[in-house]
C-alpha cells in the first residue's frame, strides 16, 4: 500500500486534536495505513501542504481536524480558480476531530477513531460533487474558495463568525446553539436577491440562505435534509424573513430536518447561484467566515474522490 500524507490541525477542537495526535497515529498504524505527516502551524497552511504533497506524488491526503481543516485540504487538491485538479486520481480521506463535525453526518461517517482508520485502510472511494464560491474578502478583494459541504449567508454567517471568535470548549452542538441564540438577539434580516441558473428566483428579507452540497451545518442543524453529495445540483434552502419568535420556535425543526414544510422555508435547486445585496451580508463556507456578498456559487459535478 502506498504512503498517504496526513495533514493534522493541532488547534482544532480547542486543541484536543493536537493532544490526541499520538493516539490517532497509533490507530492509523494498527489499521495498516502507511503515512507521512505534516502538522499545521497557521491558518490556511493545510492548503499549501496538501498541494505540495499531491505535486510530490502522494495519491491520498488525509485531513485530521474539523470541517475547516477538511475545507483547507480540499482546496489544496486544485491548482487555481479553474477547478483543475492537481491529480484527478487523488483521494481525500478524513479523521474527524473538530468541533461541529457537520460533514460526516451527511455521509454517516463514524466518529469512532478506530473505525475511521479502518475505513482509510480499505481505501474505497466515492466520487462526489463540490462547490466553488466567489466572494469579497475582508479587504473587499474578489477571491474564491472550494467547498465540500455547505455555504450560506445571513444569520448563519454571523453565527459562525461569533462562534469562531469564542471558545468551543463545550463542543459543536452547544457552541453553535449558544452562538445562534446570541446572534439572534441583535440580528436583522437581510434583503438580498438570488439568481439561480440565470433566473431571479428570490428577492426579499432572508434570515438564512444555504447553498448546500451536504445536509448539515451549525453543529448539527439539518438545514438541507434532501441534499446529496453526488446529485449534480445544489439544494438551495431559503428561510424567508422569520421573526425572532418564529426562529426560536422552529429551531428544533431545523435540527430534525423537518422545516421544509414550514411556509417561510423554500427549497430550490440549481447549479449556479448568484447572491447580491446592498447590505453587508456575511458568508459561511464550511464553518468558516471568509467574507461577504456579493457572491457566486458554482456546482462542480463528480470532482473529488472521497474515501468513504
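Ranked by the mean number of other Cβ atoms within 10 Å per residue, highest first, peptides 275-281, 80-86 order as 275-281, 80-86. Annotation: peptides 223-229, 138-144, ranked by per-residue average of other Cβ atoms within 10 Å with the highest first, follow the order 223-229, 138-144. Quick note on region 131-302: its Rg to Rh ratio, both from C-alpha atoms and Rh being the Kirkwood radius, is 0.93.
When the P(r) of region 239-295 is calculated, the portion above 20 Å amounts to 44% of the C-alpha pairs. On full extension, the segment bounded by residue 89 and residue 29 gains 19.2 nm, given 0.36 nm per residue less the C-alpha separation.
Note on the chain: along the principal axes its Cα atoms extend 53, 39, 36 Å, ordered by decreasing extent.
So how tilted is helix 113-122 from the main axis of the chain? Cα-based, degrees 0 to 90, rounded to 10. Helix 113-122 sits roughly 70 degrees off the main axis of the chain.
Per-residue ellipticity at 222 nm computed for the chain from its helices equals -8500 deg cm²/dmol, with DSSP H segments shorter than 4 residues left out and the rest contributing -39,500 (n - 2.57).
Put the Cα centre of region 272-308 next to the Cα centre of region 1-20 and the gap is 26 Å.
Sorted ascending by nearby beta carbons within 10 Å, beginning with the fewest, 156, 230, 235 become 230, 235, 156. Most tightly packed first, judged by the mean number of other beta-carbon atoms within 10 Å of their residues, the peptides 186-192, 283-289 read 283-289, 186-192. Size descriptors for region 4-90 (Cα atoms only): Rg and Dmax, in that order, 12.8, 39 Å. Ranking of 306, 251 by neighbouring Cβ atoms within 10 Å, starting from the fewest: 251, 306.
The distance linking region 55-98 with region 194-217 is 26 Å (Cα centroid to Cα centroid, whole angstrom). Centre-to-centre, using Cα atoms only, region 99-145 and region 244-261 are separated by 25 Å. Where the alpha-carbon atoms of region 56-163 are placed on the principal axes, they occupy 44, 31, 21 Å, in descending order.
Each reported figure results from applying straightforward, stated rules to the coordinates on display, with no laboratory input. No experiment lies behind these values; they were computed from the predicted model shown. Cβ sites come from the backbone with ideal geometry, for glycine too, and all protein chains shown count toward neighbours.
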